[in-house]
Every structure is written in C-alpha cells, then in structure tokens.
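**Q** Here it is, the structure, as structure tokens.
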Amino acid sequence: MSQPAINMGSEEKLVEWSEELSVGIEEIDNQHKILVDLLNELHKAIVEHHGSEAAQRILAELLEYTRIHFAVEESLMRILGYPEYDEHKHHHELLLNEVHTLSQKLAEGKKSVNFELLHFLKMWLTKHIMEEDRQYTSHFISRGVQQSYEKRSWVGKFWNSLQHK
C-alpha cells in the first residue's frame, strides 16, 4: 500500500487528507482529520521556526487528542465485539508511550521537535489508519455503525469547546 507523500522541508502540509486515508466511517474519518491537522500544525511550527514552546504545545495537543480518539475507537471495539481489540489496543498503547516519552524528553531539553519526530508520527498515523483501522470498518458496519451522519459529531464539538478555553 502506498504512503502519502512526505513534505519535510517545505511549507506545504506534511500529510494531505485523501480518500486513501478514509476508513469509510465519517465519525472516525473526521477524528483522523483532526489528527492530520494537528500533525500539519506541528510541521508548520517547525518549518516556520515558531520555537520549541509552540512545538511542545502542539505536540501535547496532538497527544491529548490522540488519547481521546483512541478511547473512542477502543470503546466502539469493545461495544461491537471487535475480535482484534486486544492487539489494536496494544498498538495504541505503544504509540502513546512512545509519544509521551518523546514529549518528556522535549520538556527536559534532551530532544528537539524535528523532522525525524514528524516523520515517525506521519508514518505511524498513515500506516495505522491505512492498515489497521481499515480492518475494523466492515466489522463496525456489520454491527450497525452508520457510515455517515447528519449532525456534527460529539467528539468534534467537545474538542472544539476545549480549543476555545
């Protein structure tokens, strides 16, 4: 499976959302788009030299939203009896631990937010969506999950309410 192009040294987006990244469930896709937007915001902060504090703030935001998103996915997996739940949850835990460790190193000045970190986050996110998250789509749909919805998602509303505080 091909990976979306990496734009490390330009002001372009690091990850461009495309149908290639869609899992086919609007609620989950919208959450993934927020993760992509945060990763692109981090990329922009680094490319435009906004400083370590700005990059750390965005990374913390990315980590927090990732936790929220993973909690939603894992809840759906448990409720809908997804057979690969344990393995999927384990992959989530590995990423959260790795990003948390990187975040601590940044806060302690032992590491800087750089293109290596961006590349890691981008590759993990796109690979995880395209290879692992897509696997639950048919199971979720077979259990009655709607592929699209009329109203705005509760996670999107909640996340936006946090952004305006």
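The values are calculated or read from the model by the stated rules, or taken from the named source; none is laboratory data. Quick caveat: nothing in here was measured; it's all calculated off a predicted structure. Methodologically, a virtual Cβ is constructed for each residue, glycine included, from the backbone with ideal geometry; neighbour enumeration extends over all protein chains shown. Heads up: the accessible areas ignore ligands, DNA and RNA and are worked out on the full protein's heavy atoms, side chains in. Shrake-Rupley method; radii C 1.70, N 1.55, O 1.52, S 1.80 Å.
**Q** Give the peptides 102-108, 133-139, 32-38 in descending order of average Cβ contacts within 10 Å, highest first.
**A** Values: 102-108: 14.1, 133-139: 16.4, 32-38: 18.9.
Result, highest mean Cβ count within 10 Å first: 32-38, 133-139, 102-108.
**Q** Can you tell me the length gained on complete extension of the stretch F158 to M123, counting 0.36 nm per residue apart and subtracting the Cα distance?
**A** 9.9 nm
**Q** Whenever you get a sec, compute what percent of the accessible area on segment 26-78 sits on carbon and sulfur atoms (1.4 Å probe).
**A** Carbon and sulfur together cover 51 percent of it.
**Q** Still on this structure: Ordered by residue, what ³J(HN,Hα) values in Hz, to whole numbers, does segment 91-97 give under the Karplus form 6.51 cos²θ - 1.76 cosθ + 1.60, where θ = phi - 60° and Gly and Pro are x?
**A** Result, ordered by residue: 4, 4, 4, 4, 5, 4, 5 Hz.
**Q** Any chance you could run the full-extension gain for I79 through S148? It's 0.36 nm times the residue separation minus the Cα-Cα distance, nm to one decimal.
**A** 22.9 nm
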